[in-house]
Amino acid sequence: EIHIKEPIEKEVYPRLLPGELLLCEASTVYKYIQEDGSNRGTYGKLVCTNFKIAFLDDNSASDDDEPQFENKIVGENDITLQCVDQIYGVYDEKKKLLTGQLRKYPEKLIIYCKDLRVFHFCLRYTKEEEVKRIVSGIVHHSQTPKLLKRLFLFSYASAAPNNTDGRNQTVMFETLEDWRGELERTKGNAKYKAVTTNEGYRVSEKLPLYFVVPICVSEESILKYEGRGIPIWCWSCHNGAALLKMSAFPKEQDDSSSQMQKAFLDGIYKTISKPPYELLKTDDLSSSLPSLQDIQTAYTKFKQLFLIDNSTDFWATDVKWFSLLESTNWLEIIRRVLKKAIEVVECLERQHTNVLLIEESATDLCCVISSLVQVMMDSYSRTKSGFQSLIQKEWVIGGHGFLDRCNHLHRSDKEEAPVFLLLLNCVWQLVQQYPPAFEFTETYLTVLSDSLYVPIFSTFFFNSQHQKDTNMTGESLNTQSSPFRFLTVWDWSVQFDPKAQAFLNNPLYADKPKPDKSHRKTARFKHQRQLSLPLTQTKSSTKRGFFREETDHLIKNILGKRIGKFINSSDEPPNSFREFYDSWHSKPVDYHGLLLPCIDGPEIKVWAQRYLRWIPEAQLHGGGTIATAANILDLMEEVQSLQVKMDEEHSQAISGDLRSVPVLRNSARLSSLFPFALLQRQSIKPALPTSTWKDLEDEDDLVNRDDEFVDLSGDIL
């Protein structure tokens, strides 16, 4: 039975962005609300533009009493065309995947999104001609292969006014000065140099215009094999050891070619490895980490656990949750990637050895490992601007194929792999284990993952800097050629107002203490030691309390052998990795020094905010991380008001260093789904295991079941 509400009388119109065109629409479409298994919902208009699919109803006005985290570009009922994962039609209660030309049109439409939202639309009450137009339009514009220039990115860039926020502090690495600045920041300019050899892309279209190589590498060497076999600098450690990456030569070659390439590589290695002063370790990531196909397969299985159609499906899978989660292998891949990053950190930090990461193109797993190593070792990469600069350097300019890996053009499923999402999952593990070490929050990471599918930013929509540069000029209607004004995702003011942006910043971030000028030399020496294993902490850390220390000690004693099996692999010297790992974890944490994630089985967790945020059954009423954040923010607001009073009493100017604190009004009404979804007012089952829920059903007061049909036998329908 459908709880029918009268269709809306007044006409509603979609809010269109510059360059956005309305392609097709259908009235009297019924959108289901599936959280409680009923058929309740609302009538409205379903539209498809060259940017998004949108459902328009008269309930768009928000409640002023509710805290807002509204995206200015993509609304609650908007789905960008790049965010559509799969579309199903329901014919006589049977689901069928919709692709290409349709002979018969469905009575219901189900859209699964890449950000894990699920939309159900009933088309029974819509005119037949409108059903044909809207269904075929949605399938065509979101699923069929496109040309690059057909992306909304270009329509928006040619029509939008160029009024971006100029205060963006992210280093874009598009100029030679940016690379030289990074070399100077990491003290790598003594052994490495920024080169202009690829200006005009005369070496390779896959390489950026500017990059950094060892000083001894000549221009002829770079040109010889189009950049292959050349160690490209990523980052320098405080002790002088460097992290490098290299594109491997094709494996299938004739003998003469392989002999020449081997001799070439030997010569290159000798420029970096000069025992006993300079050591080099090479690591072929294609053999030591899962393949891209394995990563894609694991994530495809993993995301199915969260694409829930209704409450019945949720509770059916809840019984087998842990076994289903383990069978996907996704968390195991995250653990293996983090373990590989720690191995690289050990070489750089303890062994003072240069590490050369090798991959076929050096633009996938190389990006993941090099980024993680820098997040673990360089506190600058744990600031918001530093992390954004890192993504620019290693991924955007580094040549990660976002267009292919995200399959934005729907050209080939074979190239698709969630490599960038894998990095964000790994960084999230560190953020949730060491919150004070990061200037940004998990909400920032979640929003960043959503931005992968918003085609108004150029950041995640090209395969290389060359591809972007060659598509920068466009032909306008005035027959004049003008460059497109692409936006960068790092200008968060495009998507969020200042109050919403406050949720991206961590109010508990431990600012780096400024060294006393009178003790500058001592402080610098101590900093270098504390960047490694934190052996000489000047005062005991208050971040980890007595009970945390005692618990850690007890767990290590009880689970030591079991953890050892998780951590150690057969291809490394016995106890080398374990000793480094355990030694670090036995010391107090220096939030501005080296960070190593806990990687034993239970410590690798599901990124709950990203994957469970659209599932009301999984919410914790007044709980989750938002409950903790609400109390902390209330306290910070009180402290700030006291600071203001103190400043007024002392006739001083109000301190300008106070951070913007988002106010969580009515925090008791929030749930763990906030800020992406507000507390559901409908009656829903609590997030308990099915067996526990069934035990509680018989004892539950019938008065509380106002929205459910109660059978006297104890079953709830």
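Derivation of every value follows stated rules applied to the coordinates shown; laboratory data play no part. All figures in this text were calculated on a predicted structure; none of them were measured in a lab. Glycine gets a Cβ as well: all are built from the backbone with ideal geometry, and neighbour counts include every protein chain shown.
Okay, here's what the table says:
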read-out: Simple spin-label estimate for residue 385 and residue 21 in nanometres, 7 Å along Cα-Cβ; value: 4.1 nm
read-out: Residues listed by number, segment 314-338, amide nitrogen under 12 Å from residue 301 label point at 7 Å toward C-beta; value: 323-333
read-out: At R0 = 30 Å, FRET efficiency that the Cβ-Cβ distance of residue 497 and residue 410 yields, to 0.05; value: 0.35
read-out: Estimated FRET transfer efficiency when R0 is 41 angstrom, pair residue 104-residue 361 (beta carbons, to 0.05); value: 0.40
read-out: Gain on full stretching of the segment that runs from residue 266 to residue 638 - 0.36 nm per residue minus C-alpha separation; value: 127.6 nm
read-out: Extension gain (nm, one decimal) between residue 587 and residue 605, 0.36 nm per residue minus Cα-Cα; value: 4.2 nm
read-out: Under the Karplus curve 6.51 cos²θ - 1.76 cosθ + 1.60, θ = phi - 60°, whole-Hz ³J(HN,Hα) for segment 626-636, x wherever Gly or Pro sits; value: 5, 5, 5, 4, 4, 5, 5, 5, 4, 5, 5
read-out: Cα-centre dipole for segment 22-144 with unit charges at Cβ (Lys and Arg positive, Asp and Glu negative), debye to 20; value: 940 debye
read-out: Highest to lowest packing among 211-218, 143-150, 366-373, scored as the average C-beta count within 10 Å; value: 366-373, 211-218, 143-150
read-out: Sequence-distant residues sharing a close amide H with residue 674 (under 5 Å, placed H); value: none
read-out: Estimated distance in nm for a label pair at residue 40 and residue 579, the labels positioned 7 Å out from Cα along Cα-to-Cβ; value: 6.3 nm
read-out: Label point distance in nm, residue 284-residue 514, each placed 7 Å from Cα along Cα→Cβ; value: 5.2 nm
read-out: Long-range amide H partners of residue 108 with built H, under 5 Å; value: 90, 123
read-out: Linear extension gain, residue 144 paired with residue 33, 0.36 nm per residue minus alpha-carbon span; value: 37.1 nm
read-out: Dipole-positive endmost among 143, 81, 112 within segment 22-144 (Cβ charges, Cα centre); value: 143
read-out: Cubic angstrom per residue, convex hull over Cα atoms of segment 381-488; value: 110 Å³
read-out: Karplus-derived 3J(HN,Hα), 6.51/-1.76/1.60, for each residue of segment 440-454, Hz, glycine and proline x; value: 10, 10, 5, 4, 4, 5, 5, 5, 5, 5, 5, 5, 4, 10, 10
read-out: In order through segment 223-237: 3J(HN,Hα) via Karplus (6.51 cos²θ - 1.76 cosθ + 1.60), integer Hz, x for Gly, Pro; value: 6, 4, 10, 6, x, 6, x, 9, x, 9, 6, 10, 6, 10, 6
